[in-house]
Amino acid sequence: MTTPPMPEFPAGFRWGVSTSAYQIEGATAADGRGPSIWDTFAGTPGRIADGSSGAEACDHYHRYAEDVALLAGLGVSGYRFSIAWPRVQPTGTGPANPTGLDFYDRLVDTLLDAGVDPVATLFHWDLPQALEDAGGWLHRDTPALFAAYADLAAARLGDRVKLWITLNEPFIHMSLGHGLGVHAPGRTLLLDAFPVAHHQLLGHGLAVAALRARGTGPVAIANNYSPVRLIGETEADRAAGAAYDALHNRLFTDPLLGLGYPAGMNFDPGVVRDGDLEVIAAPLDVLGVNYYSPTGIRAAEEDSPLPFEIVPLTGYPRTAFDWPVAPDGLRDLLLRLRDTYGDALPPIQVTESGCAYDDVPGADGRVHDPERIAYLDGHVRAVREAIDAGVEVTGYFVWSLLDNWEWAEGFTKRFGLVHVDYATQRRTPKSSYAWFRDHVVRP
Ligand code: IFM
């Protein structure tokens, strides 16, 4: 597909791709790994669209060298992966399992040999099952246990990891995992899931302190954001938009950047204790921004348990997930973060941006994905527009390197620059892989 030349990006801008442990590694019983909440959830009939699990996924645990060669071929300077807590501590507490950490040791060294910066996420939703059995993120002990795990990871890898990301998308883990029950651990607490927000944030703050104490690399968190597109113009619609915005876009970022919780986020007494907000507001080196699409919102019906109603947006191209393709939402979001948080906002890296399409190899064995090229072209340009408008953005990571196991959707949604045939584990770079290399990374 032919696209107009990409504008230049600042020197040192980090181009990368992202993955996460449970979505690609497989080998869930190897080398002492303990069970995670996603093993349990995927093993429960009816939870996953195609009945699959991440037990094999992309078999990256055994094929990581081939995957790092794909990264090197792409020319990216960063690779964002996640460390599986249950590989490091099979039950979530106690000493490190050295053979679990060995895998990440090998991965990090292989990345560095290939000239790719390792960017490590500590928690991408795969909580050790034993911790969930003790209450998980609803329990106030979990934050300190998370910091102890962060310390073990930093002790082993901290001399080589170039950017640490404490949590991935704590909003999604709270809302889909604990509010609506469509992700692990499958709790359906609706707004009673709020303690999960606070305990994840407290875990983040304590982990930042643990990483700083080890003198390791810069620290970030990866939040996901979805700008509100109001459907309707009544006062009630505007109030619904503000309520959704506070929940999705500000619940985590306001306290991280020192503003405390947004008004209207009412925690039960005893959840937020003296000193917690100071721990949570530990200075960040980078804010990770995951963006996929905006959300249409209007006022809720009177008997609704939620103060807003989510409405499908019309008039946009759509991905195979039925998500609207709206690059202007990314530009608006980046500007809005700058305008809202001003000097408190650290430099931003877009830690996830991508799309699912039904990519199938043609008769020639090649995989053509022009929609993904158009998607990435639009979103990369949106980042450039935000930089032109004065927002400090220092990196952009595509979700994802590989097609992989997409949580409750199983293997039915393909996000990769590289196609994976799950029967053979054969990797085939799609046309978007060559486009990203030739038009973005090395124009
Ligand atoms: O696959 C997920 C990822 O794990 C977190 N962010 C969104 C992606 C696409 O749904």
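The values are calculated or read from the model by the stated rules, or taken from the named source; none is laboratory data. Everything quoted here is computed from the prediction, not taken from an experiment. Every residue, glycine as well, gets a Cβ built from its backbone with ideal geometry; the counts of neighbours run over all protein chains shown. The accessibility values were calculated without ligands, DNA or RNA, using every heavy atom of the protein model including side chains. Shrake-Rupley method; radii C 1.70, N 1.55, O 1.52, S 1.80 Å.
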Next item on the list: Could you order peptides 157-169, 365-377 by the average number of other Cβ atoms within 10 Å of their residues, highest first?
Entry: 157-169, 365-377
Notebook entry, point to check: Of the beta bridges DSSP finds with both residues in the chain, what % are antiparallel, to the nearest 5?
Noted result: 20 percent
Next item on the list: At 0.36 nm per residue, minus the direct Cα-Cα distance, what do ARG426 and HIS368 gain on full extension? Give it in nm, one decimal, please.
Entry: 19.3 nm
Checklist line | Dipole magnitude of segment 121-247, debye to nearest 20 (Cβ charges: Lys/Arg +1, Asp/Glu -1, about Cα centre) | finding: 540 debye
Notebook entry, point to check: Per residue, how much accessible area does the chain show when a 1.4 Å probe rolls over the protein heavy atoms, in square angstrom?
Noted result: 37 Å²
Next item on the list: List, in order, the whole-Hz ³J(HN,Hα) value for each residue of segment 358-375 obtained from phi through the Karplus relation with A = 6.51, B = -1.76, C = 1.60 and θ = phi - 60°; use x for Gly and Pro.
Entry: 7, 7, 10, x, x, 4, 7, x, 8, 10, 9, 9, x, 5, 5, 4, 4, 4
Next item on the list: For the chain, list log₁₀ I(q)/I(0) at each q in 0.08, 0.12 Å⁻¹, using the Debye formula over Cα point scatterers of equal strength and ignoring solvent, two decimals each.
Entry: -0.41, -1.01
Note to self: Using the Cα centre of the chain as origin and beta-carbon charges of +1 (Lys, Arg) and -1 (Asp, Glu), tell me which of VAL440, GLY264, GLY136 is placed farthest towards the positive end of the dipole.
What the structure shows: VAL440
Checklist line | Portion, in percent, of the accessible area of segment 1-91 that falls on carbon or sulfur, probe 1.4 Å | finding: 56 percent
Notebook entry, point to check: Between ARG229 and residues 5 or more places away or on another chain, which pairs have amide H atoms under 5 Å apart, with H built 1.01 Å from N, and which residues are they?
Noted result: THR295, GLY296, ILE297
Next item on the list: Treat each spin label as a single point 7 Å out from the Cα along the C-beta direction, and report the LEU180 to GLU392 distance in nm.
Entry: 3.5 nm
Checklist line | Simple Cβ-charge dipole of segment 44-145, Lys/Arg +1 and Asp/Glu -1, about Cα centre, in debye nearest 20 | finding: 240 debye
Notebook entry, point to check: How far apart, in nm, are two points set 7 Å out from the Cα along the Cα-to-Cβ line at LEU191 and at ASP159?
Noted result: 5.1 nm
Check: Between LEU189, PHE41, PHE81, whose Cα lies farthest towards the positive end of the dipole of the chain when Lys and Arg beta carbons carry +1 and Asp and Glu beta carbons carry -1, centred on the Cα centre?
Finding: PHE81
Note to self: Could you sort the peptides 319-325, 205-211, 331-337 by per-residue average Cβ neighbour count (10 Å cutoff), highest mean leading?
What the structure shows: 205-211, 331-337, 319-325
Next item on the list: Bin all alpha-carbon pair distances of segment 374-432 at 5 Å intervals from 0 and give each bin's fraction as a whole percent.
Entry: 4, 16, 20, 19, 14, 12, 9, 5, 2, 0
Notebook entry, point to check: Roughly how many debye, to the nearest 20, is the charge dipole of the chain about its Cα centre, given +1 on each Lys and Arg Cβ, -1 on each Asp and Glu Cβ, and no other charges?
Noted result: 840 debye
Check: Based on the mean of other beta carbon atoms within 10 Å per residue, what is the order of 296-302, 357-363, most packed first?
Finding: 296-302, 357-363
Notebook entry, point to check: Check LYS430: other-chain or 5+ apart residues with amide H under 5 Å from its amide H, H built from backbone geometry?
Noted result: VAL418, HIS419
Notebook entry, point to check: Looking at ALA27, ALA246, ALA154, which one has the Cα that reaches farthest to the positive end of the dipole of the chain (charges on Cβ: Lys, Arg +1; Asp, Glu -1)?
Noted result: ALA154
